[in-house]
Amino acid sequence: MGAGVGISVDSHPPDPTDRAPRLQIRLLGPMAISRAGGAVALSTRKVRALIAYLALAPHPVTRSQACDLLWDVPNDPLAELRWCLSKIRRIVDEPGRPRVEARGDTVKLDLADCFVDALDVARATHEGIATLGAERLRALSALFCGDFLEGLEIDRSPAFNSWLIGQRRRFRSSHVAILEHLARSVSDDAIFGYLEKWLQLAPFDVRAHEALLSALARGGRIREGEEHLAATARLFEAEGLDDAPIRELWRAARAQGEGSPRRSTAAAASPSVAPTSHEGSAVSREEIGPINPRRASVAVMPFVDLGAPRNVPGGLADGLVHDVITRLAKLRILFVVAQGSVFALRERHVAPEDAGRMLNVDYVVSGSLRRDGQGLSVTVELAETRTARIVWAEVFNHKLDDAFLVLDEIGNRVVASVASEIETIERNRAILRPPSSLDAWEAYHRGLWHTYRFTLADNERARHFFATAVRLDPTFARGYAGLSFVHFQNAFQGWAGREPEIERAFEFAGQSLMADDRDPAAHWAMGRALWLRGRQDQSIAELERTIDLSPNFALGHYTLAFVQSQSGDARSAITSVDYSRRLSPFDPLLFAMLAARAMALVRLERYDEAADCGVQAAARPNAHKHILAIAACALGLADRRDEARAHVAAIRKSSPDYRVDDLLTALQLAPEAEKLFRLAAKRIGEDW
């Protein structure tokens with residue numbers, strides 16, 4: 001979005017159907033403003049443009065920013081801005097209720113008591129279209145009377161036109177998402193109007209054609225289905241797209257026949273879902289057909305180089321996207337659309353939102369790159385295709401001392417952030433699904449959710465879901481890695497017999513490698529299992545292999561730090577853990593990263609820093625007893641004995657018999673480090 005302005009969704013303007021507010025601003029279609037039910041005459045194009053821009057701005061806009069947006073080298077831009085603001089005041093202000101706020105060098109529109117259709121849609125998109133009922137979806141769909149600010153273009157205002165194009169794409173994508181979810185929630189009698197609008201906005205969206213063909217087949221309207229198939233085939237062929245999936249969908253819809261139970265587009269798009277008769281008992285392989293493993297899918301669209309001439313490929317932006325695609329693919333957990341496809345769509349000027357639907361992927365990454373002297377700024381967004389919701393956005397600012405090193409650093413952080421955000425979304429989505437309806441992918445993420453809670457009961461639930469994942473898909477390497485981690489936790493936490501659990505952790509890590517020896521998570525699992533067996537050198541080799549396979553795999557860097565912090569190179573441990581935190585600053589294992597750093601600092605005799613790190617680790621909501629014990633020992637060495645005893649007391653609320661020997665049994669500290677931890681326990685006292 002141009003000029004740094006996005007859509008604010010923090011305000012909650014009243015719904016026009018609930019005691020309609022006096023001032024209403026319509027931006028979805030030709031711009032219209034009404035006050036107390038009467039139309040308000042609008043002034044010049046720039047006045048209308050400025051009202052829309054300020055209405056959607058999430059923060060006050062500087063006067064210079066507004067001038068740059070709308071005036072291309074005017075004689076007196078500030079004077080023209082003041083003139084526009086005076087016109088806007090006449091339109092939106094009322095006696096005793098000024099809505100134009102000009103403070104210092106900034107301008108803002110206060111529309112808290114107004115209705116703005118675009119803000120209503122933006123707020124619904126941000127909160128989650130998939131969670132809305134049919135009535136709310138209908139009301140949102142009715143707000144669209146055309147494109148955003150339809151008919152409003154301003155000559156010689158490239159910044160505004162860039163912003164306008166971005167907003168039109170964003171709201172069109174939201175409209176498509178609303179129509180898709182409406183089509184899922186209404187009866188066949190009402191579905192066709194929504195499907196027609198959906199296809200008008202997204203003519204290459206395979207799921208829209210699937211929904212229409214299925215509805216026609218259910219209604220026995222075979223001739224109409226054949227006509228739609230023929231027209232769609234011509235449309236796809238004209239664009240050089242494969243129409244085979246559409247033909248296959250029509251064959252399946254006809255085979256299903258009239259009167260069969262309706263399937264949602266979501267279910268139809270997930271053929272790998274294996275229904276179960278009850279939790280933990282899957283139907284037979286013959287009943288569900290051949291295994292078709294599902295992964296979350298993502299397309300990384302070419303970034304826009306804001307400083308390069310148009311239609312000149314091969315610059316820094318293209319290089320960064322090539323790198324991000326390659327590194328995401330190396331993670332082996334996502335289906336990543338190949339470079340050739342996304343760059344071909346760029347050549348056709350297909351917007352990222354439309355590309356996501358054409359490619360039928362779950363997520364789309366898009367962004368821009370700008371060079372300013374010796375600085376480089378990269379803006380990245382991750383959006384859900386089917387809800388048009390931006391789930392993550394970040395701006396990376398770096399000095400351009402070495403372009404290759406800077407792009408390498410940004411690429412690693414983008415890949416780690418995208419993978420982490422997708423994993424979090426998939427994990428949270430899986431936890432809401434009935435256990436009997438999970439496929440292998442969902443069962444794995446359900447297991448992850450339980451794993452990261454670090455309790456005995458949750459660990460057992462995680463084991464169940466990981467076992468379900470590999471039963472449904474015996475080739476799923478990460479399912480075996482999850483099982484290895486479950487047994488690692490049993491041994492590390494002392495929840496079961498240590499030696500048998502160590503062997504199980506090793507066995508499942510081996511199965512993960514057999515399933516996919518290029519998956520970094522498989523080598524991560526083996527590295528942890530080898531560490532449990534006391535084979536530190538082999539463990540480090542496996543963990544280094546993890547990082548070689550995927551330099552942005554944050555857990556690989558953390559686990560290498562975990563091993564090194566106890567008996568290896570403590571300084572290298574700090575470097576690795578700091579890098580893992582940069583790659584994944586909100587990781588579920590952040591407490592463990594901080595604890596590893598604390599142990600390395602203890603070995604370097606930097607006790608005050610170690611204590612601070614330990615306290616931060618123990619404060620994380622899922623920190624377990626060993627983390628609290630590490631914090632207590634670091635505090636003891638820093639001579640902060642009262643704080644150390646408080647942490648010991650916290651441990652003993654759930655584990656009354658816990659002693660420092662339990663911590664030392666779990667860890668594999670070098671002899672000099674073990675002496676330091678025992679010295680800390682002696683300082684703390686209280687039979688610790």
Report, by residue number, each residue of the stretch 135-163 that is touching a helix residue (DSSP H, G or I) at 6+ places or on another chain (Cβ under 8 Å), part of a helix (DSSP H, G or I), closer than 25 Å to A355 by Cα and not polar (S, T, N, Q).
-> L137, L140, A159, F160, W163
Any idea which of R138, R99, R103, R90 is basic (K, R) and touching a Pro at 6+ places or on another chain (Cβ under 9 Å)?
-> R103
Going through the stretch 185-198 one residue at a time, which ones are surrounded by fewer than 20 Cβ atoms within 10 Å (Cβ to Cβ) and assigned to a helix (DSSP H, G or I)?
-> S185, D188, D189, A190, F192, G193, E196, K197
Scanning the stretch 520-566 residue by residue, those small (G, A, S) and buried (at least 19 other Cβ atoms within 10 Å of the Cβ) turn out to be A521, A522, A525, G527, A529, S539, S550, A554, G556, A561, S565
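Okay, residues lined up against (1) in the same structural domain as H450 (by TED's automatic domain parsing); (2) closer than 21 Å to R528 by Cα; (3) modelled with pLDDT of 95 or more; (4) crowded, with 16+ Cβ neighbours inside 10 Å:
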position	(1), (2), (3), (4)
C613	no, no, yes, yes
A618	no, no, yes, yes
R645	no, no, yes, yes
L663	no, yes, yes, yes
A673	no, yes, yes, yes
G685	no, no, no, no
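When residues of the stretch 113-134 are filtered for being out of contact with any Pro (no Cβ under 7 Å at 6 or more places or on another chain) and in a loop (DSSP other than H, G, I, E, B), how many remain?
Selection size over the stretch 113-134: 3.
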Residues satisfying the stated conditions in the stretch 362-389, i.e. free of Cβ contacts under 8 Å to residues at least 40 places away in the same chain and not in a strand (DSSP E or B) = G373, Q374, T385
Heads up, the helices (runs of 4 or more DSSP H) in the stretch 32-93 (entirely inside) with at least 2 residues that are small (G, A, S), without any contact (Cβ under 8 Å) to a residue 60 or more places away in the chain and in the same structural domain as Q167 (by TED's automatic domain parsing) are 63-70, 77-92
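One line per residue, one yes/no per condition, for (1) in contact with a Lys or Arg (Cβ under 9 Å, 6 or more places away or on another chain); (2) closer than 26 Å to F586 by Cα; (3) among the β-branched types (V, I, T):
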site: A598; (1), (2), (3): no, yes, no
site: A638; (1), (2), (3): no, no, no
site: R645; (1), (2), (3): no, no, no
site: I651; (1), (2), (3): yes, yes, yes
site: R659; (1), (2), (3): no, no, no
site: D662; (1), (2), (3): yes, no, no
With the condition kept exactly as written, say whether any residue in the stretch 120-129 is out of contact with any Leu (no Cβ under 6 Å at 6 or more places or on another chain), among the β-branched types (V, I, T), more than 18 Å from A57 (Cβ to Cβ) and at pLDDT 90 or above.
-> yes
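Table: residues versus (1) of a type outside the set (S, T, N, Q); (2) crowded, with 20+ Cβ neighbours inside 10 Å; (3) touching a residue at least 40 places away in the same chain (Cβ under 8 Å).
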residue	(1), (2), (3)
V391	yes, no, no
N397	no, no, no
D401	yes, no, no
S417	no, yes, yes
S437	no, no, yes
T451	no, yes, no
D458	yes, no, no
R463	yes, yes, no
R471	yes, no, yes
Any chance you could count how many residues in the stretch 190-219 are charged (D, E, K, R) and closer than 21 Å to A255 by Cα?
-> 3
Boolean, G146 is exposed (fewer than 14 other Cβ atoms within 10 Å of the Cβ), over 17 Å from L201 (Cα atoms) and in the same structural domain as R82 (by TED's automatic domain parsing) | no
If you check R478, R545, R504, R528, which single one turns out to be touching a residue at least 60 places away in the same chain (Cβ under 8 Å) and assigned to a helix (DSSP H, G or I)?
-> R478
Pairs, first in a helix (DSSP H, G or I) in the stretch 243-256, second of a type in the set (S, T, N, Q) and crowded, with 16+ Cβ neighbours inside 10 Å, C-beta under 7 Å, six or more apart = I246/T232; A253/S214
Which of the residues belonging to the stretch 620-636 are surrounded by fewer than 24 Cβ atoms within 10 Å (Cβ to Cβ) and either under 17 Å from M599 (Cβ atoms) or of a type in the set (F, W, Y) (or both)?
-> R620, A623, H624, K625, H626
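The values are calculated or read from the model by the stated rules, or taken from the named source; none is laboratory data. Owing to the predicted nature of the structure, the values given are computational and were not obtained by experimental measurement. Glycine also receives a Cβ, built like all others from the backbone with ideal geometry; neighbour counts cover every protein chain displayed.
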